[in-house]
Amino acid sequence: MTRVKTIFVLVIILCAVVINTMAQSSLTHPYEGATHTYVVNGLTPGTEYMFYVSSNEDGSAVLDDGSAFEFDFLSTSQGIVPADQNTVSLPIIWNNGASQHVYYLWISLSNPGGCSVKRGLKIVPQPNMFDLLSENIPFDKTESCPAISDADGFVAMSDHYNAGTTTLQFKVRREGGNRGWSFEPFVTINPEWNLDVAIVSVTAANAGVLTANASNTFTVPATENEVIVSVAVRNYEGTEQIVTLEVRNQREEQTSLGDVNRENDKVTHRITVMPIISDLEEL
């Protein structure tokens, strides 16, 4: 009989360590909505293989991914190990409702001569806990005065007066994961006629200033739990300005996991009214 090696046992050990340090979607405890790729290596070319999922530990109660809506195979689940390879894999997405069940993922191998063997992995899905939050800094500071320092472009001299710019800082924070993540920051302002509002930078503690792609999406390294989004707003006298930062298109990169809580995607900051002042003149 052909000797079959798998990475399942090693993966279980590694995932157990990770889960103890930080909640995350893993091969054996996937979040609902996450996609994970299950890999078996050390195989002999020419061996027939088949992945399947059962609801019981002996593998006899086979579930059809087409009718069991809690999971879906994202590629073919059976075939022959190619002549130049010793590895096969199967990506699976764990859908809503998967956390209500326990599953067993199997791979069955058969030699051309007819001998076979199988190996299984217990999978216990869990509710999605991946979440990105938008916050003020500090989180309870919801308003501030317009900035009037030289560094903010404020010029008090009447002959070239400039109301300057207020720079706000918001925090986008990750919970429930430790893989790379991405998001699109979107800023709105009231009054809408102030078009002089822009995201100045998105900065991570270790990775530094991040660069957006063509879709204005920022990808954050797995080691970073939060980033600082700096927003510049033009000051206008006699006008209260309400600035809102919204997190959009957020996901965990490796698993394509979406945000579980959309209620905390927006944060608002109020820039209070700058008093109207005229030039100094002689009576």
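The numbers here are math on the coordinates, done by the rules we state, and not lab data. The structure displayed is predicted, hence computed values, not measured ones. Here Cβ is always computed from backbone atoms with ideal geometry, including for glycine, and neighbour counts include all displayed protein chains.
See the values below:
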item: Expected 222 nm ellipticity per residue - DSSP helices of 4 or more, -39500 (n - 2.57), all of the chain, to 500; result: -1500 deg cm²/dmol
item: Cleavage-rule hits, GluC sites (Glu not before Pro), the stretch 44-122, DSSP coil, Cβ neighbours within 10 Å at most 15; result: E57
item: For the stretch 228-238, 3J(HN,Hα) per residue [Karplus equation, 6.51 cos²θ - 1.76 cosθ + 1.60, θ = phi - 60°, Hz, x = Gly/Pro]; result: 10, 9, 9, 10, 9, 10, 5, 6, 9, 5, x
item: Calculated from backbone phi, Karplus (6.51, -1.76, 1.60) coupling profile of the stretch 45-56 in Hz, x at Gly/Pro; result: x, x, 6, 7, 9, 8, 8, 7, 10, 10, 9, 10
item: Between the stretch 242-283 and the stretch 94-130, the alpha-carbon center distance in angstrom; result: 44
item: Within a Gaussian network of the chain (alpha carbon springs, distance under 10 Å), most fluctuating of P45, P191, P112; result: P112
item: Paramagnetic reach from N194 (point 7 Å along Cα→Cβ, amide N under 14 Å) across the stretch 225-250; result: 231-245
item: Calculated P(r) tail over 36 Å for the chain, as whole % of Cα pairs; result: 39
item: Rounded D (µm²/s) - the stretch 131-271, Kirkwood Rh over Cα pairs, Stokes-Einstein at 37 °C, 0.692 mPa s; result: 205
item: Choice from D72, D196, D140 showing the highest fluctuation, given a GNM over the chain with Cα pairs closer than 10 Å; result: D140
item: Within a Gaussian network of the chain (alpha carbon springs, distance under 10 Å), most fluctuating of M50, M129, M157; result: M157
item: In order through the stretch 119-132: 3J(HN,Hα) via Karplus (6.51 cos²θ - 1.76 cosθ + 1.60), integer Hz, x for Gly, Pro; result: 9, x, 9, 6, 10, 10, x, 9, x, 4, 10, 6, 8, 10
item: Label-to-label distance, nm, for residues given as N111 and R248 (7 Å Cα→Cβ offset); result: 5.9
item: Mean separation of Cα contacts under 8 Å, 6 or more apart, over the residue count of the chain: relative contact order %; result: 19
item: Neighbour-limited loop hits for chymotrypsin sites (Phe, Trp or Tyr not before Pro), the stretch 182-227 (at most 13 other Cβ within 10 Å; DSSP other than H, G, I, E, B); result: W193
item: Rounded if a/c under 1.5, otherwise prolate or oblate - the stretch 8-123, Cα gyration tensor axes; result: prolate
item: Helix 8-21 axis, angle to the chain major axis (alpha carbon atoms, nearest 10°); result: 30
